[in-house]
Amino acid sequence: MVGFLLALITGEVFTALLIAVFFELLWLDLIPAGTFIPPNSIFCVTSTVILCAHFQLEHTGMILLLMLLSIPGAYILSRIEGWYRIRQNKKYNLILRQSRDRFSIYSPGKMILQSLAGSFGVNLVSACLGIYLLAVVYPHLSGVFQFQRELDWSVILIAASFSALAGLRVKKANISLITGMILVSAALAWMQWPIEV
């Protein structure tokens, strides 16, 4: 959904949707359950699409580099969300006290609104800082990491789909995963190899 909205905003329909599909496949196995907070894939999609439009990237290898650089930000944002949840858990005790001792000032609606506004603000500020940091770092690293040949989106999406195989938790699927990773790594290394003129 985020990829579709960003495609409408930026006008880069195929690029935005392909980036969104990549991250959807990449974290297909990471399901939020219990206390586990998965990486913030919305940050990755948003930052990559915005910076692709900003830097006017068309080369798939450069887009791949930007996607890979955004992944640590997704983990950092999940940590920030975990910190904010722990902070909000402390307010739970306040809700219990107000509901028991001071019921006249008990206002759960106000607390929920404050919690939602705080969560939105923390995530927005963190995401904006992350996008700014990526915009500063990317130009320096794009000159260092350059693919010699054009990467195909199908190779990138197949590499991301290995996460779905890992989610099966079956021995044959894991063997297929390892074999596929070796083949894709070999293909990417071959594409990176300098072309002799």
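Just name one of N40, Y75, S115: the one whose Cα is farthest towards the positive end of the charge dipole of the stretch 2-147 (beta-carbon charges, Lys/Arg +1, Asp/Glu -1).
Ranked along the dipole, the leading option is S115.
Normalised by the number of residues in the stretch 2-147, what is the relative contact order in percent for Cα pairs under 8 Å and 6+ residues apart?
In percent, rounded to a whole number, it is 24.
Between L116 and S163, take the C-beta separation as r, use R0 = 41 Å, and let me know the FRET efficiency to the nearest 0.05.
Values: r = 31 Å, r/R0 = 0.75.
The computed FRET efficiency comes out at 0.85.
Sort T48, T10 by Cβ crowding within 10 Å, fewest neighbours at the top.
Listed from fewest to most nearby Cβ atoms, that is T10, T48.
Mind checking which lysines have their C-alpha under 23 Å from K110, skipping anything on the same chain fewer than 8 residues away?
Within the straight-line cut-off, K110 pairs with K90, K91.
What Kirkwood radius, in Å to one decimal, follows from the Cα pairs of the stretch 2-147?
So the Kirkwood estimate lands at 17.2 Å.
Here, each number is a calculation from the coordinates, and none is a lab measurement. Owing to the predicted nature of the structure, the values given are computational and were not obtained by experimental measurement. Counting neighbours? That spans all protein chains shown, and the Cβs are built from the backbone with ideal geometry, glycine included.
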